[in-house]
Amino acid sequence: MKKKRGMEKVKRLEDMVNAENDDSEGDPWWWLVQKGIKHSFLCISLFALLVRVAVGLHPYSGAKTPPKYGDYEAQRHWMEITLNLPAKDWYRNSSVNNLSYWGLDYPPLTAYQSYIHGVFLKTFDPDSVALFTSRGHESYLGKLLMRWTVLFSDVLIFFPAVLYFVFVYRAMQSGRGRKSDVAWHIAIILLNPCLILIDHGHFQYNCISLGFTMAAVAASLSQRDPVASVLYCLALNHKQMSAYFAPAFFSYLLGKCLRHKNPLLEVSKLGLMVIGTFAIVWWPYLHSKDAAFSVLSRLAPFERGIYEDYVANFWCTTSVLVKWKKVFTTQSLRIFSLAATVLTCLPSMVQQVLAPSSKGFLYGLLNSSLSFYLFSFQVHEKSILLPLLPLSLLALEEPRSLLWLTHFAMFSMFPLLQRDKLVLAYMALYALFVLLYFAPGGPGGRCNSSKTLDHKQKAKKGTKFVSSVAFHPLVMGFLCLCSLILHVIYLTMRPPKKYPFLFEAVIMLLCFSQFIIFTFYFNSKQWMLLKHLTSKDKQKKLI
Amino acid sequence: MAKHESRSMSIAQLLWYMGIATTIKLLVIPSYHSTDLEVHRHWLAITHSLPLSQWYFDETSQWTLDYPPFFAYFQRFLSVFAHLVDPQIVHLHHGLNYKASSAIYFQRISVIVSDLFFMYGVYRCTSNLPSLKRNLVWILAVWSPGLVIVDHLHFQYNGFLFGWLLLSISFLAQGRDLMGGFLFAVLLCFKHLFAVAAPVYFVYLLRHYCRGGLVKGFARLSVMGAVVVAVFAAAYGPFVYHGQIQQVIRRMFPFGRGLCHAYWAPNFWVFYIMLDKGIAFLLTKFGFNIPSPAASFTGGLVGDASPFVILPQITPMTTFILVLLALSPCLIKTWMDPRPRLITRSVAYAYTCGFLFGWHVHEKASLHFVIPLAIVAVESMEDAKHYFMLSIVSSYSLFPLLYEAQEYPIKVLLLLLHSILIWFCFSAQFTKNKAMKSTLQADKKAAQFELKGSSRTAAVNGGFVLGWLAKSYLFGVLVVEIWGQFLHPYLLGDKFPFVPLMLISIYCALGILYSWIWQLTQIMILS
């Protein structure tokens, strides 16, 4: 017995060494990966940090544009409010807290985070967070400190979450695959251009909620469901937008619970975790019904329209044909959007309840967030970050979809970023992403060779049609050309007076068409997984 | 066929490294830039608006043209495009201190584009190396933090100039001496500071190119002489024609600037000044009456007056002789045994001497030897260790160039990233195969006998290890930085504001001095 184990170990080692030797022959990344995942992560994350700091040199949203400024001022204002007022007054309109001026409309965890960052700002630049007088505060030091708060959040939450996920994901594949692919995966997740542009350019803290979500994904993939539910609740309590992932988490965790010996116990365990987390986060507002409801009403901006600006989702795009806002009341639109979102989420939820699987879960996250983006109420351009997260987690499965969707996600945010004067950062980060994607010897470069393409398509017959159309070189080339031309037109030309938002509308139409195609594609991909599940796998799930 | 394919593959790889570097360079466009940006903008204006005969006479701005003619022609070339982008950039009067984004973008992007030349130089220098080593050199050179700090944050065109230097070295290393000499002459007409290596070039070309008997040697000597004269004629001819050569020379060599720059470059003179201060301090303690110097180094402004209290005054001539003295062992060696293999080291050594003993040396000049040394850093373990230390010290000595808070994380991250990259690279290179095979054997035995040995990790780590001295020295960099940035302002406040910079100079000077001695011994030993 002992000897057998010894021999097995030798064989494994030999394989490993052979694999490594193979790597070192043809792999230009051998120097990066030879010390192990942690070391390559360190290196890549330093680079990712450098990129973030460099993007931070660029302007933020609403710079020098009184009276309302932009998201930067909103975040700074929240720091000012949370730092100077007691917690119970944060969400309440009062003489010192005018809610119509960037009132706090994110859940309490954001408020706590603002408080902590506010303390940091106060120690170095008290003027920038002084009550009242700091409104519209803009200074060299203030900008710098604010930028650093985002960096800290990123380093403390998003980066560790990536490391956690990568480890879990590698364990999931039982250590197969090239090490340099892992490094590539890390780089692709860490250097997602959209996330960097919004957080470090435009100015927001998406890295926190997305980091918690990613950690939750990793925890549930490694069968630590209670931890996962706590982490996901934290994400939800940082940004209510994290609810885009709720159907996937719900169905996956439910599906897994149902396969346990005692489903009720498992469900109640998770339920307890969720309630406990919520109770702790919401503690200052739980003393009365009014307080809790006043916070809740701040979080749900139903008084706003079904869409704002030009977001590439269903409602906004179809409004070219149907004037939703004029024909229907906000009340009925709310119901429409809810129904549409739930209906489009349903297939992927059902799949996960029926057959929860790791890969299915990742696809589920992608599908539910895409449904929310396309059909839910009050969606913002920036919400495309949410579908991009699970997609980047699936980067090794879906390299080309990632490239393609990132392209259109970037494009859909282009008008927004152009307003923020982030065009240079946009171009540089886009180039960086494409370069990383096509890194020599990386999966992105490999999957373009026709051999692997055919192989992959044979394996997934059902999705063959969609992918053969969407990824046809001619189609891709044409769409790339279109978006390039549109970029140039948007930057250089003025729209006709009659249609001042003509270019935005065209961009939106183009992006929407791609998003909707991919929604179908990913949904069918998720259902295809069912066929591949052998009875052996099902037995595994029962444990 | 296969060779051709691998070559195009490797070019793709180099382009990829370059692309990544370019994205970072693009991202840092809005960062702080020094007055050099305005200097170069003004040169664009001078060369664009004025006839050639007035280039070296113009005094519209205090930033007069003080580079050799080729650089002026280069600026003239760029100004054509600048005029297309925004005519105000090249306007002699309206353009003064013009800070519009068009000007900044144009100039920054012109540096980024001119870096292509540097990439070509790097490529040519490494074309004969095996693929792994070549990869490493590219990482060292293309992702050099020093170049990013000096060219793309601080603002200068060093990358472009290093392109010429590396091209010249690559031709010499291949034995194509005439081309190498020609390119070096061109480089000298771009920036005369590169002339420090001229003695090495002269001796090398004389002994290596002009050999093979008296007649052949003389013929070759005259060919080389003709080429060099032609280059210089092309550069200075128009100014000779206008009878302005004296004015050009006067502009190019402003010796009134004093021995040290406001921030002392980490070279030999740092120790000299400190010794002078130390003696003066001791003497005053013992009751001697010491007159305070007319000019102070710590005050920042350094004029013509002698800043030394006790030790003798240093003149440009002294520094010149010292540089030549320091160079002489290398010159003798080159005379006796001129080898293409050693030329990179000799040139780098010459620049090290110039840096250590030169007159009014800028901290940026340390790149002159760090970049060429990157090419030989992969040759042996000793080289790698030396380069690891040197490149960190040299990049660190550039830190005071960027003194604003906004760029602080950028320079720190650049240095950290570079250190980690080269550490990984050298580990990968020197642990390869050998360690792998031995551990496989060891593990095989261990597994068979169920003996858990930690030999594997030990062997893998055994590749690239620094000695305790190097480790503690590099650790000291961290201490100096923490003291200067955090502890000093916190503990002493505004008192002794020059101490942090002085510490950096002294500390880095130690490293560079070590590197100088090490390089010399290597040149002497290698044969």
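Return an integer: the convex hull volume of the alpha-carbon atoms of the protein assembly as shown, in Å³ per residue.
Dividing the Cα hull volume of the protein assembly as shown by its residues yields 225 Å³.
Direction-averaged shadow area of the convex hull around the Cα atoms of the stretch B:175-253, nm²?
That works out to 5.6 nm².
Averaged per residue, what accessible area in Å² does chain B show with a 1.4 Å probe, protein chains only?
43 Å²
Taking only C-alpha pairs under 8 Å that are 6+ residues apart, what is the relative contact order of chain A in percent?
Dividing the mean separation by the residue count of chain A yields 16 percent.
Based on the alpha-carbon set only, what is the convex hull volume of the stretch A:71-137 divided per residue, in Å³?
It comes to 74 Å³ per residue, whole-number rounded.
If you fit an axis through the alpha-carbon atoms of helix A:2-26 and take the longest principal axis of the Cα set of chain A, what angle between them do you get, 0 to 90°, nearest 10?
70 degrees
Provide the gained length on full extension for the span B:TYR105 to B:ALA226, in nm with one decimal, where the gain is 0.36 nm per separating residue minus the Cα-Cα distance.
Gain in length upon complete extension: 39.5 nm.
Based on the mean of other beta carbon atoms within 10 Å per residue, what is the order of B:490-501, B:379-390, most packed first?
Put in order of decreasing packing, that is B:379-390, B:490-501.
Evaluate E = 1/(1 + (r/R0)^6) for B:GLN485 and A:ALA130, where r is the Cβ-Cβ distance and R0 equals 22 Å; express this FRET efficiency to the nearest 0.05.
Once rounded, the FRET efficiency stands at 0.20.
How long are the semi-axes of the equivalent ellipsoid of chain B, defined as square roots of 5 times the Cα gyration tensor eigenvalues? Whole Å, largest first.
37, 32, 26
Based on Cβ point charges of +1 for Lys and Arg and -1 for Asp and Glu, what charge dipole magnitude is obtained for the protein assembly as shown about its Cα centre, in debye rounded to the nearest 20?
For the protein assembly as shown, the charge dipole is close to 3620 debye.
Can you run the Rg to Rh ratio on chain A? Use alpha carbon positions and the Kirkwood inverse-distance Rh.
0.96
Within 10 Å of each Cβ in A:429-440, how many Cβ atoms from other chains are there, averaged over the peptide?
Across the residues of A:429-440, the mean count of other-chain Cβ atoms within 10 Å is 4.
If packing is taken as the average count of other Cβ atoms within 10 Å, what order do A:30-40, A:370-380 fall into, highest mean first?
Answer by packing, highest mean first, reads A:370-380, A:30-40.
Could you pull the Rg and Dmax for the stretch A:30-70, using just the Cα atoms, both in Å?
So, for the stretch A:30-70, Rg and Dmax equal 17.5, 54 Å respectively.
Averaged across the residues of A:43-51, what count of C-beta atoms belonging to other chains lies within 10 Å of each residue's C-beta?
Mean number of neighbouring Cβ atoms from other chains: 5.
Working from the pairwise distances between different alpha carbons, so that the mean of 1/r is found and then inverted, what is the stretch B:1-104's Kirkwood radius in Å?
15.8 Å
Sorting check: for B:402-413, A:235-246, which peptide has the highest mean count of neighbouring beta carbons within 10 Å, and how do the rest follow?
So the order, starting with the most tightly packed, is A:235-246, B:402-413.
So which of A:LYS64/B:LYS99; A:LYS38/A:LYS239; A:LYS122/B:LYS25; A:LYS122/A:LYS143 end up more than 21 Å apart, counting from Cα to Cα?
From A:LYS64/B:LYS99; A:LYS38/A:LYS239; A:LYS122/B:LYS25; A:LYS122/A:LYS143, over 21 Å: A:LYS38/A:LYS239; A:LYS122/B:LYS25.
Report, in degrees rounded to the nearest 10, the 0 to 90 angle that the Cα long axis of helix A:330-354 makes with the longest principal axis of chain A.
Between helix and principal axis, roughly 20 degrees.
How crowded by other chains is B:25-33, given as the mean number of beta carbons from other chains within 10 Å of each beta carbon?
If you average over the peptide's residues, the count of other-chain Cβ atoms is 6.
Using a simple spin-label model with points 7 Å from Cα along the Cα→Cβ vector, what separation in nm is obtained for A:THR492 and A:LEU321?
3.4 nm
Excluding ligands, DNA and RNA, what is the accessible area buried between chains B and A, summed over both sides, using a 1.4 Å probe, to the nearest 100 Å²?
Counting protein atoms only, the buried area is about 4400 Å².
Expressed as an acute angle from 0 to 90° and rounded to the nearest 10, what is the orientation of the C-alpha long axis of helix A:225-238 relative to the principal long axis of chain A?
Relative to chain A, helix A:225-238 is tipped by roughly 30 degrees.
Counting C-alpha atoms alone, how compact is the stretch A:291-448: give Rg to one decimal and Dmax as a whole number, in angstrom.
For the stretch A:291-448, the Cα radius of gyration and maximum Cα-Cα distance read 18.2, 57 Å.
Considering only protein heavy atoms and a probe of 1.4 Å, how much of the accessible area of chain A is carbon and sulfur, as a whole percent?
Ligands and nucleic acids excluded, carbon and sulfur give 68 percent.
The values are calculated or read from the model by the stated rules, or taken from the named source; none is laboratory data. Small disclaimer: the values here were computed from a predicted structure and weren't measured. Please note: Cβ atoms are built from the backbone with ideal geometry, for glycine as well, and neighbour counts cover all protein chains shown. When the accessible area is computed, the model is the full protein with side chains, heavy atoms only, and any ligands, DNA or RNA have been set aside. Shrake-Rupley method; radii C 1.70, N 1.55, O 1.52, S 1.80 Å.
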